1. Assuming R0 = 35 Å, what is the FRET efficiency of LYS56 and ALA136, from their Cβ-Cβ distance, to the nearest 0.05?
2. What share of Cα pairs, in percent, lie more than 15 angstrom apart in region 14-89?
3. Could you check which residue among PRO35, PRO160, PRO113 shows the biggest mean-square fluctuation in a GNM of the chain with a 10 Å Cα cutoff?
4. For the chain, with the dipole built from +1 on Lys and Arg beta-carbon atoms and -1 on Asp and Glu ones, taken about the Cα centre, which of PHE55, ALA111, ALA139 lies farthest toward the positive end?
5. What does the accessible area per residue of region 93-171 come to in Å², with a 1.4 Å probe and no ligands, DNA or RNA counted?
6. Can you give the convex hull volume per residue for the Cα atoms of region 101-150, as a whole number of Å³?
7. Picking from ALA182, ALA105, ALA153, which is most flexible by a Gaussian network model of the chain using Cα springs under 10 Å?
8. Relative contact order (percent) for region 51-170, with alpha-carbon contacts under 8 angstrom and 6 or more residues of separation?
Amino acid sequence: MAEDAAPARGRGSLSREKVLREAVAMADAAGGEVPSTRKLAERLGVRAMALYHHFKNKDELLDGMVDLVFAEIELPEDGVAWDEAMRRRASSMRDALNRHPWAVALMDSRANPGPATLRHHNAVIGCLLAGGFTIAGAAHAFSLLDSYVYGFAIQEQALPFEDGADMEEVAAGLVTEEAAAAFPHLAAMALELTLKPGYRYGDEFAVGLGLIVDGLAARRESW
């Protein structure tokens, strides 16, 4: 009987938010692997069945985890121009995805999005409509911006270097005489840009985002 009482106390002290935040922390620490229900229960010190008091299945848990990530992303503010709001939101989303690399593949895959997810999408669409986009134009802009942010985050996380020293090591093979003769354009980029002091690949994000926002501004009235 004492054995049965312990799980009951665990369930009573276990909140939905506590489970979600622990699941997110475990996924972050694992470098992208979402924890199993069993491992999550062990981390929380309860039996796996205790989790089903808050989540019917693994999909519902994933819905909640993704919703926590969306809650971290900056929403467009009233009175801020749409282009500036989209820049801020894209940068905030990139930061969130770098904190939670496991989320990239899940952000738009949920069949039952949570309140933070719905609030986020509604705010972005509303900002674009207020900025002069049609419904179709807002859909085009939303898709393009998200594709860029997700794609950049995936590429950034996959790169085999983190700072200038790591980049120098990776690029060293491109600046040998033999490599420069075989791949002159790669060698030129390495010497004239990527191996220069202060170069950071992450700075490319703002450049590409600016090009996209400028392109959307030029097309928004023609959709």
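The values are calculated or read from the model by the stated rules, or taken from the named source; none is laboratory data. Remember, it's a predicted structure, so these values are computed and weren't measured experimentally. Here the Cβ is made from the backbone with ideal geometry for all residues, glycine too, and neighbour counts use every protein chain on show. Only protein heavy atoms, including side chains, enter the accessible area calculation; ligands, DNA and RNA are left aside. Shrake-Rupley method; radii C 1.70, N 1.55, O 1.52, S 1.80 Å.
1. Working: r = 37 Å, r/R0 = 1.05.
With a Förster radius of 35 Å, E is 0.45.
2. The share of Cα pairs beyond 15 Å in region 14-89 comes to 59 percent.
3. Of PRO35, PRO160, PRO113, the Gaussian network model singles out PRO160 as fluctuating most.
4. PHE55
5. I get 50 Å² per residue for region 93-171.
6. Dividing the Cα hull volume of region 101-150 by its residues yields 85 Å³.
7. ALA182
8. Relative CO of region 51-170 lands at 29 percent.
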